[in-house]
Amino acid sequence: MRLSQYFLPVLKETPAEATIASHRYMLRAGMVRQQSAGIYAWLPLGFRVLRKIEQIVREEQDKAGAVEMLMPTIQSAELWRETGRYDAYGPEMLRIKDRSDRDMLYGPTNEDMITDIFRSYVRSYKMLPKMLYHIQWKFRDERRPRFGVMRGREFLMKDTYSFDVTKEDAVKSYYKMFVAYLNTFDRLGLKAIPVKADTGPIGGDLSHEFVILADTGESEVFCHKDLLDMNAPGNVDFAGDLSAHVDSRTSLYAAADEMHDATAFAALPEDKQMSARGIEVGHIFYFGDKYSAPMNANVMGPDGKEHAVQMGSYGIGVSRLVGGIIEASHDEDGIIWPKSVAPFGVGIINLKTDNEDTDKVCETLYAALAKAGIDPLYDDSNDRGGVKFSRMDLIGLPYAITVGPRGVAEGVVEIKTRATGERQKLSPEAAIKFLTAEFAA
Ligand code: P5A
């Protein structure tokens, strides 16, 4: 992409309403624009990151055996009356009437709807287990939308729903999602800690939040320090037994504030106790027949009897993650994107646009890097060098190549690694080789 063709409305001033780094940088880097309280337009740069995160989330769901579909944002109140949630949900639900005066709502979640879909088609255990998911916008009329996309009113969620005949099998599905989540957050460059959590309006008796540590986080977590050092399971056989991966973590104490048990936490060796603030980026629930029983979503079991299907639901805050990743990875100059979600792989800074020599080298780099699939953003503007450098640091691409007349005369360009600040002078050919290797790794 050439900057001259792109839409990157970078702000010089720090917007007064932004109190945390991710919110500030998302506004300043022209990633989002607030349209109403807690409702954002995703500008091109922000949208690229959102799509990348969404794709990683999707790939890890598919690996775990979940099947993608798409449910609507607008739902009929009828289904929610069947489960009793229409009245229970409260003012967070955006209630709408259609032209025939029917009660509709903008979905804050989809347990009720997916249970209706399930009961319309599935009657026998022979079709189970099943996990279905979608990635769709939700609306919750939060009392205090804040921190930009972190606590929005409209937000993008990945939500998965599992269906099993027995509780034992439902817990296996829960474990699959647990492991899929560890791998997902790892690919996003995040250390996410699974902590025991309260179930709130979703319900059930088994639940974990996945929390990334950040001082500005809204959740307080108490945990065993060693949880931070554990690696994601990586390639696992989702048809096999995943309990070891889950048990090794859940046996180490970790709880969100509302589930915190001071006695169990004190029982940990003192040098292993950690309490910190964090951002909840995912939340999983096993709730059995909470929805299937009132909605008569029954299946015939191998015993020839009808059973209310055993369910769980599993959410990831896709749009919240954009802010969460920035909270976890930035410095005073701007964002530092992990390679896996960076909007572009590398920036090319032409220090003297319209100079025949620098133009030529930039064009060569641009074509070769695009061909290598590294997605270059070429700053071909006439702005001063200083403006170009600080803009590139702000938007946080993993690498920037600077092409200036003096270097070109010597046959070199300069590559800067955003995360470390490390600079190296290389020939354009060596620069292409270096970046190709970096992105292959
Ligand atoms: C699980 C999937 C649920 O809604 N039903 C379907 C269950 N869980 S949850 O914890 O309420 O939400 C799942 C994740 O969505 C993100 N999230 C938000 N992101 C931005 N703004 C909000 N207002 C918001 N509310 C929830 C969180 O990441 C949460 O873990």
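Hey, Gly315 hits all of (1) closer than 21 Å to Thr160 by Cβ; (2) open to solvent by 10 Å² or more (accessible area, probe 1.4 Å); (3) part of a loop (DSSP other than H, G, I, E, B); (4) in contact (Cβ under 8 Å) with a residue 40 or more places away in the chain but one; which does it fall short on? Of (1) closer than 21 Å to Thr160 by Cβ; (2) open to solvent by 10 Å² or more (accessible area, probe 1.4 Å); (3) part of a loop (DSSP other than H, G, I, E, B); (4) in contact (Cβ under 8 Å) with a residue 40 or more places away in the chain, only one is false for Gly315: (3). Residue check: Phe222 meets all listed conditions (1) in a strand (DSSP E or B); (2) of a type in the set (A, V, I, L, M, F, W, C); (3) in contact (Cβ under 8 Å) with a residue 60 or more places away in the chain; (4) more than 15 Å from the ligand (Cβ to nearest atom) but one, namely (3).
When you check Val299 against the structure, is it of a type outside the set (Gly, Ala, Ser), more than 15 Å from the ligand (Cβ to nearest atom), surrounded by 15 or more Cβ atoms within 10 Å (Cβ to Cβ) and assigned to a strand (DSSP E or B), yes or no? Give the derivation first.
Numbers: of a type outside the set (Gly, Ala, Ser): yes; more than 15 Å from the ligand (Cβ to nearest atom): yes; surrounded by 15 or more Cβ atoms within 10 Å (Cβ to Cβ): yes; assigned to a strand (DSSP E or B): yes.
Against the criterion (of a type outside the set (Gly, Ala, Ser), more than 15 Å from the ligand (Cβ to nearest atom), surrounded by 15 or more Cβ atoms within 10 Å (Cβ to Cβ) and assigned to a strand (DSSP E or B)), Val299 qualifies.
Pairing each residue of segment 68-94 that is free of Cβ contacts under 8 Å to residues at least 40 places away in the same chain with any residue that is in a strand (DSSP E or B) and β-branched (Val, Ile, Thr), provided the two are 6+ apart or on different chains, yields C-beta distances under 8 Å for Ile74/Ile96.
Let's see how each residue does on (1) without any contact (Cβ under 8 Å) to a residue 60 or more places away in the chain; (2) more than 14 Å from Ile415 (Cβ to Cβ); (3) open to solvent by 60 Å² or more (accessible area, probe 1.4 Å); (4) not in a helix (DSSP H, G or I):
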site	(1), (2), (3), (4)
Asp354	yes, yes, yes, yes
Thr358	yes, yes, no, no
Gly373	no, yes, yes, yes
Tyr378	no, yes, no, yes
Asn382	yes, yes, yes, yes
Ser390	yes, yes, yes, no
Ala400	yes, no, no, yes
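Quick grid of which residues meet (1) more than 17 Å from the chain's Cα centre (by Cα); (2) touching a residue at least 12 places away in the same chain (Cβ under 8 Å); (3) not in a strand (DSSP E or B):
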{"site": "Ser162", "(1), (2), (3)": "yes, yes, no"}
{"site": "Asp169", "(1), (2), (3)": "yes, yes, yes"}
{"site": "Lys172", "(1), (2), (3)": "yes, yes, yes"}
{"site": "Phe178", "(1), (2), (3)": "no, yes, yes"}
{"site": "Gly189", "(1), (2), (3)": "no, yes, yes"}
{"site": "Asp198", "(1), (2), (3)": "yes, yes, yes"}
{"site": "Glu209", "(1), (2), (3)": "no, yes, no"}
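For the subset of segment 363-403 comprising residues that are over 18 Å from Leu45 (Cβ atoms) and of a type in the set (D, E, K, R), which member is nearest to the chain's Cα centre (by Cα)? It comes out as Lys371.
If you filter segment 239-282 down to residues that are within 16 Å of the ligand (Cβ to nearest atom) and among the aliphatic types (A, V, I, L, M), you find that the one that is most open to solvent (accessible area, probe 1.4 Å) is Met259. When Pro145 is tested against (1) within 13 Å of the ligand (Cβ to nearest atom); (2) under 18 Å from Glu60 (Cα atoms); (3) touching a strand residue (DSSP E or B) at 6+ places or on another chain (Cβ under 6 Å), exactly one condition is not met: (2).
Scanning segment 148-177 for residues that are near the ligand (Cβ under 9 Å from one of its atoms) and either surrounded by fewer than 20 Cβ atoms within 10 Å (Cβ to Cβ) or not β-branched (Val, Ile, Thr) (or both) yields a total of 11.
Of Gly347, Gly324, Gly334, which residue is in contact (Cβ under 8 Å) with a residue 40 or more places away in the chain, at positive phi and open to solvent by less than 10 Å² (accessible area, probe 1.4 Å)? Residue meeting the stated conditions: Gly334. Of all residues in segment 264-277, one or more are under 30 Å from Lys52 (Cβ atoms), touching a residue at least 12 places away in the same chain (Cβ under 8 Å) and in a strand (DSSP E or B).
Per-residue answers, yes or no, for (1) of a type in the set (D, E, K, R); (2) in contact with a strand residue (DSSP E or B) (Cβ under 6 Å, 6 or more places away or on another chain); (3) part of a strand (DSSP E or B); (4) open to solvent by less than 50 Å² (accessible area, probe 1.4 Å):
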position: Ser100; (1), (2), (3), (4): no, no, no, no
position: Met104; (1), (2), (3), (4): no, yes, yes, yes
position: Pro108; (1), (2), (3), (4): no, yes, no, yes
position: Ile114; (1), (2), (3), (4): no, yes, no, yes
position: Lys126; (1), (2), (3), (4): yes, no, no, no
position: Met131; (1), (2), (3), (4): no, yes, yes, yes
position: Gln136; (1), (2), (3), (4): no, no, yes, yes
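As for segment 337-345, it holds no residue that is within 16 Å of the ligand (Cβ to nearest atom) and of a type in the set (Gly, Ala, Ser).
Look at Ala232 and say whether it is open to solvent by 10 Å² or more (accessible area, probe 1.4 Å) and either more than 29 Å from Pro269 (Cβ to Cβ) or within 13 Å of the ligand (Cβ to nearest atom) (or both).
Taking the combined requirement at face value, the residue does not satisfy it.
The values are calculated or read from the model by the stated rules, or taken from the named source; none is laboratory data. Model, not experiment: these values are computed from the prediction. Quick reminder, even Gly has a Cβ in these numbers, built from the backbone with ideal geometry, and neighbours come from all protein chains shown. Please note that ligands, DNA and RNA were not included when accessible areas were found on the heavy atoms of the full protein model with its side chains. Shrake-Rupley method; radii C 1.70, N 1.55, O 1.52, S 1.80 Å.
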